[in-house]
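Notes for the one structure printed next.
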Amino acid sequence: MNILIVDDDQEIRDVLHVYLRNEGYHVAEAVDGLQALHILQQEEIHLIILDVMMPNMDGIAACLQIREKSDIPIIMLSAKEESLDKITGLSTGADDYVTKPFHPLELIARVKAQLRRQNFLIHQQGSASEILIDELVINKDQHMVTVRGNPVALTPIEFSILELLSLHRGQVFSVEKIHQCVWKDQTPFFSDNTVMVHVRNIREKIEINPRSPQYIKTVWGVGYKIEK
């Protein structure tokens, strides 16, 4: 597996490089978003660790450009801890968000969780390739979603959450259960807000009126579901 570290801090790159290499990953490095985009054109990368604050092109701008062409897992790093900054990072298409300072072993655990989830998606098989819910079409084989005939670009995490709820219509999933099913582990770094942000992003993309959703319903105090 090839991991790309994108951070203008040499010390952080050096530390993560050592930890990732010790886990058996091949590591590439970039000092800003522009260099990261160039590496992605030249090499096969399976996961990106992407800092937010960088010169030339920051992580937000880089993430947006990457998401135009790829659904590669992205873990965003930032020194900002406010919820709004986390929401912004996840809204641009990142799959996870880690605040600095962090313990390298925590980040390694998140890397492994993302790669396990991605591997599960690649090898997942189902009896039917498409799930039809009114005007919403979820193609599991092609990993594509259309609403009213229009293609919708979902991140891998967003697709997994939507697929989970659509395969179990009528069942209410708590945020904890969604995290366990989608991330494929019970990591101690779980945050309710992470799942809530992803659900909000899905609604923004598939619902006519996200404030009055047609597909993903909130069961207050319990979780989320798609009606039968």
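Can you name the residue in the range 115-158 that is among the hydroxyl-bearing types (S, T, Y) and at pLDDT below 85 and, of all such residues, is nearest to K217 (Cα to Cα)? Per the stated criteria, the residue is S129.
Regarding I60, is this residue within 13 Å of the chain's Cα centre (by Cα) and either acidic (D, E) or not assigned by TED's automatic domain parsing to the domain that holds I157 (or both)? Lay out the reasoning, then the answer.
On the way: within 13 Å of the chain's Cα centre (by Cα): no; either acidic (D, E) or not assigned by TED's automatic domain parsing to the domain that holds I157 (or both): yes.
It is false that I60 is within 13 Å of the chain's Cα centre (by Cα) and either acidic (D, E) or not assigned by TED's automatic domain parsing to the domain that holds I157 (or both).
The set of residues in the range 84-113 being in contact with a Leu (Cβ under 9 Å, 6 or more places away or on another chain) and more than 17 Å from I66 (Cα to Cα) consists of V98, T99, K100, F102, P104, L107, I108, V111. Tell me, please, whether a residue that is of a type in the set (D, E, K, R), farther than 14 Å from D9 by Cβ and free of Cβ contacts under 8 Å to residues at least 24 places away in the same chain can be found in the range 40-50. Taking every residue of the range 40-50 in turn, none turns out to be of a type in the set (D, E, K, R), farther than 14 Å from D9 by Cβ and free of Cβ contacts under 8 Å to residues at least 24 places away in the same chain. Taken together, D71, D95, D14, D32 contain a single residue that is in contact with a strand residue (DSSP E or B) (Cβ under 6 Å, 6 or more places away or on another chain), outside the structural domain of I202 (by TED's automatic domain parsing) and of a type outside the set (S, T, N, Q), which is D95. Hey, can you tell me all the residues within the range 180-202 that are in contact with a Phe, Trp or Tyr (Cβ under 8 Å, 6 or more places away or on another chain) and at pLDDT 90 or above? Across the range 180-202, the qualifying residue is only V199.
Residue under question is D58, and the condition is that it be touching a helix residue (DSSP H, G or I) at 6+ places or on another chain (Cβ under 8 Å), in contact (Cβ under 8 Å) with a residue 12 or more places away in the chain and on the phi < 0 side of the Ramachandran plot; does it hold?
On the way: touching a helix residue (DSSP H, G or I) at 6+ places or on another chain (Cβ under 8 Å): yes; in contact (Cβ under 8 Å) with a residue 12 or more places away in the chain: yes; on the phi < 0 side of the Ramachandran plot: yes.
The answer is yes for D58.
If you take the residues of the range 192-228 that are among the acidic types (D, E) and free of Cβ contacts under 8 Å to residues at least 24 places away in the same chain, which of them is farthest from I131 (Cα to Cα)? Walk me through it before giving the result.
Taking the range 192-228 first, the residues among the acidic types (D, E) are 192, 204, 207, 227.
Checking which are free of Cβ contacts under 8 Å to residues at least 24 places away in the same chain leaves us with 192, 204, 207.
Details: D192: 27, E204: 20, E207: 17 Å.
Looking at residues that are among the acidic types (D, E) and free of Cβ contacts under 8 Å to residues at least 24 places away in the same chain, I get D192.
The C-beta contact set for the range 141-169 (first residue within 14 Å of I226 (Cα to Cα), second residue modelled with pLDDT under 90 and charged (D, E, K, R), distance under 6 angstrom, 6+ apart or interchain) comprises R169/K228. Only one of the numbered conditions (1) at pLDDT below 90; (2) surrounded by 15 or more Cβ atoms within 10 Å (Cβ to Cβ) is not met by K112, and that is (1).
The values are calculated or read from the model by the stated rules, or taken from the named source; none is laboratory data. Being a predicted model, the structure only gives us computed values, none of them experimental. Please note: Cβ atoms are built from the backbone with ideal geometry, for glycine as well, and neighbour counts cover all protein chains shown.
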